[in-house]
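The values are calculated or read from the model by the stated rules, or taken from the named source; none is laboratory data. Predicted, not measured: the structure shown is a model, and the values here were computed from it. Please note: Cβ atoms are built from the backbone with ideal geometry, for glycine as well, and neighbour counts cover all protein chains shown.
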Amino acid sequence: MNEEIKKIWVKALKSGKYKQGKGKLSHAGRYCCLGVLCSIYAREKKIKLPNVINSVGSCANKVLPLDVEYWASCASDPSLIYNGLDFYISSLNDGTKSRNSLNFNQIADLIKQQL
């Protein structure tokens, strides 16, 4: 992953600016951790966030659109190790409390360490 973009993403996830949501990149003022990256891309490229999220490759709004994936040099749904197991980052964001649901601070720490 692009190191500069990773630092910005980690900082944004830890900032408290974004409310965590589940199941979509962004909806009703809430964001998946991948939606936060889309928001950063939209700001950097001066594009409206809905245009980014609804672009080709967004796969029903659950993984990164292709433009964001290429820009950040990362997988559309990066894989991270948590508790010794391999998870897609969207699963760590969207899991239930009893099933590996992490908050943005926890996800940011994993991103910083592993991507």
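Couple of notes before you dig in:
- So residue 42, is it within 14 Å of the chain's Cα centre (by Cα), in a helix (DSSP H, G or I) and within 17 Å of residue 110 (Cβ to Cβ): no
- Filter result (modelled with pLDDT of 90 or more and more than 14 Å from residue 22 (Cα to Cα)) within the stretch 94-114: 105, 106, 108, 109, 110, 111, 112, 113, 114
- Unique match (being in contact with an Asp or Glu (Cβ under 7 Å, 6 or more places away or on another chain) and not aromatic (Phe, Trp, Tyr)) among 10, 36, 68, 63: 63
- Leading residue by the ranking (nearest to residue 106 (Cα to Cα)) among those in the stretch 9-18 that are more than 12 Å from the chain's Cα centre (by Cα) and not hydroxyl-bearing (Ser, Thr, Tyr): 14
- Only residues that are assigned to a loop (DSSP other than H, G, I, E, B) and either touching a Gly at 6+ places or on another chain (Cβ under 9 Å) or over 15 Å from residue 112 (Cβ atoms) (or both) were counted across the stretch 69-88, and they come to 6.
- Being surrounded by fewer than 20 Cβ atoms within 10 Å (Cβ to Cβ), under 15 Å from the mean Cα position of the chain (by Cα) and small (Gly, Ala, Ser) holds for only one residue in 21, 35, and it is 21.
- Of the residues making up the stretch 2-43, those that are within 21 Å of residue 62 (Cβ to Cβ), at pLDDT 95 or above and of a type in the set (S, T, N, Q) are 20, 39.
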